[in-house]
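Okay, so here's the structure we're looking at.
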Amino acid sequence: MKKILISGATGFIGKHLVRKLLKQDNIEYLHLVDDLSNSNTIECIDILSDKKISFFETDVFNFRDNDVPYDQIYHLASPVGPAGVLKYAGKMGKIIVSDTIKMADLALKNNAKLLAI
């Protein structure tokens, strides 16, 4: 049974990925991380109500994994987009790199496969 973490899970790609993964029988749980800066939970109510889902409303930097093991990590979170451009002006590159490093470290700790886009 797969244990999966998805950052940026309520974004355009994330929502579609979660819906596809929920159709698989071999998923033990999906942990979804998103700060909702570019989306909202109303658009994702169908996926957030699934019993395999745990949703963490936070940014990647502040996410605490609490030593939960993961087999796969999909890092889709990014501050780009209409809501992020002005809010994170001048800090965007640092945020993207530090969040990706955090997810890479988590993947190494768990010997998990990592997809970062």
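Some points to look at:
- Restricting F55, F61, F12 to those that are at pLDDT below 95 and within 10 Å of the chain's Cα centre (by Cα) reduces the list to F55.
- Positions within region 29-51 being of a type outside the set (S, T, Y), farther than 24 Å from L108 by Cα and not in a helix (DSSP H, G or I), in sequence order: L36, N38, N40, D50, K51
- Screening L5, L17 for residues that are on the phi < 0 side of the Ramachandran plot and touching a residue at least 60 places away in the same chain (Cβ under 8 Å) leaves exactly one candidate, L5.
- Filter pass, L32 being without any contact (Cβ under 8 Å) to a residue 24 or more places away in the chain, in contact with a strand residue (DSSP E or B) (Cβ under 9 Å, 6 or more places away or on another chain), of a type outside the set (G, A, S) and surrounded by 15 or more Cβ atoms within 10 Å (Cβ to Cβ): no
- Some residue of region 54-65 being at positive phi and not charged (D, E, K, R): no
- The listed residues are S98, S78, and the only one of them that is closer than 11 Å to S7 by Cα and of a type in the set (G, A, S) turns out to be S78.
- Of the listed requirements (1) more than 15 Å from the chain's Cα centre (by Cα); (2) in contact (Cβ under 8 Å) with a residue 12 or more places away in the chain, L108 misses just one: (2).
- Within region 61-80, the set of residues being in contact (Cβ under 8 Å) with a residue 60 or more places away in the chain, polar (S, T, N, Q) and in a loop (DSSP other than H, G, I, E, B) comprises S78 only.
- Selected residue (criterion: farthest from G11 (Cα to Cα)) from residues of region 72-117 that are among the charged types (D, E, K, R) and exposed (fewer than 15 other Cβ atoms within 10 Å of the Cβ): K109
The values are calculated or read from the model by the stated rules, or taken from the named source; none is laboratory data. Just so you know, these numbers come straight off a predicted model, no measurement behind them. FYI the Cβ positions are ideal-geometry reconstructions off the backbone, even for glycines, and counts take in every protein chain you see.
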